[in-house]
Amino acid sequence: MSDTLSPEPREENQIIAERRAKLSVLRETGIAFPNDFERRHFAGELQAHYAETGKEELAATPVTVQFAGRMMLKRVMGKASFATLQDMSGQLQIYVSNDHVGEDAHQAFKHWDLGDIVGATGVLFRTRTGELTVQVHNVRLLVKSLRPLPEKFHGLTDQEQTYRQRYVDLMTNDGSRQVFMTRFRIVQAIRQFMSARGYLEVETPMMHPIPGGASAKPFVTHHNALDMEMYLRIAPELYLKRLVVGGLEKVFEINRNFRNEGLSTRHNPEFTMMEFYEAYRDYRYLMDFTEILLRDTARNATGSERITYNGETIDFAQPFARLSIVQAICAYHPDYAADQLNDKHWLLAWFEQHKAKYQATDGLGGLQLSFFEATTEALLIQPTFIVDYPAEVSPLARRSDTDPQITERFELFIAGRELANGFSELNDAEDQAERFMAQVRQKDAGDEEAMHYDADYIRALEYGLPPTAGCGIGIDRLVMLLTDSASIRDVILFPHLRAE
């Protein structure tokens, strides 16, 4: 018996040359890439449907199947061979023998390579070890693979190669396939949750004449026909709120955003958000809604309201904590007192002493936020809403009626990172115009992430935006959390990398 579970460690160029030679022969003898094979079954569905069907029952009532997949394993044994074919649903073994396909067809099969795409027709049976297998009556080479698969037991071992060649990673790494299957279930669960509660799914522009809805550095492009500079969307917020002005009072969008910023385990230049807005609601309602949404999503996507991330058990079943920035710092750092945190001079001295980052133009609220980010954010493992953000760092949020220095805003932190950002929307057109002007002054002072003045959005507000609450949830970070993935690149099919 010869075992061809994986290619021998030969020079890859030599293997490719040999496979090209085989393809050349196929071209000479017929259609090298046939397109007339009709798939009728999927491997995973067959495995699931016949999981409890015994050997005798399969023999008594033959089940004919016709499926196709990539050949991942092959064992050649004289007059008979075994191989494993893999499709999007799973794997299924096939049995090819002289008795059932003929000696010529079997001989040709022996020369096919791992990675080739094969179509098979036959009947199900169980081997002596009990493995569900297709006894093949007809087998066809549908696509000749010119490149060898990675070594069987390790797949792609270089992480950057895994991201660059996701197609190979998906072929050889069941864990990666499961991550992206879970991602689909997460997005599907969110979409169903929102639709069931009367939200209208909408689509807003990806190219904006003015970047807005967030503080971020945009990508810039040029539209030739309009002869104007345009920006890839950094957030859909201002367009979604225009829709609420227009009377679409419950809207959501699962959207792609683009920000010309650095790369990290939590940041990719393009990423997916789910943003939603509802009229006649406030940020307190929004926290309740977001909590229920995430609990429902975790349960439907993973089967449980308790998940494990980075060795920690995250419990979505428990009520989410709610703390202000100062309360959170004091809760996790009892050595710091509230009166210190409310003293701008003390905070500045702390930043200088610890060489921590802060904005020199920040007021007390901005300094408290920077202090929180430096000392406390990473400690928020269980779901925690941080509330009452300072107005100076919340240019689109409604001011508190009891304290105009803070806004009705929250950010949700889980496993030490921000997952959602929501607030009661600012619907005072004059206040919004003043805050836009403050952002423009910051931009003029050198802040590339400060917002532009959006005159059309101000015009929309002047028609009247109902009291509204809105929230954005980071889909990529949620997928990281629910799949226990360490990096955002693990949950984006094709993350951005430096040029090879």
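At-a-glance table
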item: Lone unmet requirement of (1) at pLDDT 95 or above; (2) under 29 Å from residue 357 (Cα atoms) for residue 462; result: (2)
item: Enumeration of residues in region 365-393 that are open to solvent by 20 Å² or more (accessible area, probe 1.4 Å), at pLDDT below 95 and over 28 Å from residue 305 (Cβ atoms); result: 392, 393
item: Pick from region 84-133, criterion among the β-branched types (Val, Ile, Thr) and touching a Ser or Thr at 6+ places or on another chain (Cβ under 8 Å), ranking: surrounded by the most Cβ atoms within 10 Å (Cβ to Cβ); result: 96
item: Residues of region 206-219 classified as over 26 Å from residue 195 (Cα atoms), in contact (Cβ under 8 Å) with a residue 40 or more places away in the chain, open to solvent by 50 Å² or more (accessible area, probe 1.4 Å) and not hydroxyl-bearing (Ser, Thr, Tyr), total; result: 3
item: Contacts under 6 angstrom Cβ, first residue in region 183-202 being surrounded by 15 or more Cβ atoms within 10 Å (Cβ to Cβ), partner of a type in the set (Lys, Arg), 6 or more apart; result: 199/250
item: Region 233-275 - residue that is charged (D, E, K, R), part of a helix (DSSP H, G or I) and out of contact with any Ser or Thr (no Cβ under 8 Å at 6 or more places or on another chain) and, of those, modelled with the lowest pLDDT; result: 237
item: Candidate set from region 165-182 (those that are under 17 Å from the mean Cα position of the chain (by Cα) and either among the hydrophobic types (A, V, I, L, M, F, W, C) or open to solvent by less than 30 Å² (accessible area, probe 1.4 Å) (or both)); member that is farthest from residue 149 (Cα to Cα); result: 182
item: Residue that is nearest to residue 482 (Cα to Cα) [pool: residues in region 399-410 that are surrounded by 23 or more Cβ atoms within 10 Å (Cβ to Cβ) and not aromatic (Phe, Trp, Tyr)]; result: 409
item: Condition broken by residue 278, with the remaining ones in (1) part of a strand (DSSP E or B); (2) modelled with pLDDT under 95; (3) acidic (Asp, Glu) satisfied; result: (2)
item: Search result, residues across region 30-60 that are open to solvent by 90 Å² or more (accessible area, probe 1.4 Å), free of Cβ contacts under 8 Å to residues at least 40 places away in the same chain and within 16 Å of residue 135 (Cβ to Cβ); result: 56, 57
item: Failed criterion for residue 465 (all others in (1) surrounded by 21 or more Cβ atoms within 10 Å (Cβ to Cβ); (2) assigned to a helix (DSSP H, G or I) hold); result: (2)
item: Residue, most open to solvent (accessible area, probe 1.4 Å), within region 226-272, restricted to residues that are touching a His at 6+ places or on another chain (Cβ under 8 Å) and without any contact (Cβ under 8 Å) to a residue 24 or more places away in the chain; result: 229
item: Test: residue in region 204-214 that is over 18 Å from the mean Cα position of the chain (by Cα), of a type in the set (Val, Ile, Thr) and modelled with pLDDT under 95; result: yes
item: Pick from region 475-486, criterion open to solvent by 10 Å² or more (accessible area, probe 1.4 Å) and not in a loop (DSSP other than H, G, I, E, B), ranking: farthest from residue 212 (Cα to Cα); result: 483
item: Total residues in region 399-427, condition free of Cβ contacts under 8 Å to residues at least 40 places away in the same chain and outside any strand (DSSP E or B); result: 7
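Listed here are the residues, each with its yes/no results for (1) touching a Pro at 6+ places or on another chain (Cβ under 6 Å); (2) open to solvent by 20 Å² or more (accessible area, probe 1.4 Å).
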site: 416; (1), (2): no, no
site: 422; (1), (2): no, no
site: 426; (1), (2): no, no
site: 429; (1), (2): no, no
site: 439; (1), (2): yes, no
site: 444; (1), (2): no, yes
site: 450; (1), (2): no, no
site: 453; (1), (2): no, yes
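The values are calculated or read from the model by the stated rules, or taken from the named source; none is laboratory data. Note that the structure is predicted; figures quoted are calculated from it, not measured. Please note: Cβ atoms are built from the backbone with ideal geometry, for glycine as well, and neighbour counts cover all protein chains shown. SASA here: full protein model, heavy atoms, side chains in, ligands and nucleic acids out. Shrake-Rupley method; radii C 1.70, N 1.55, O 1.52, S 1.80 Å.
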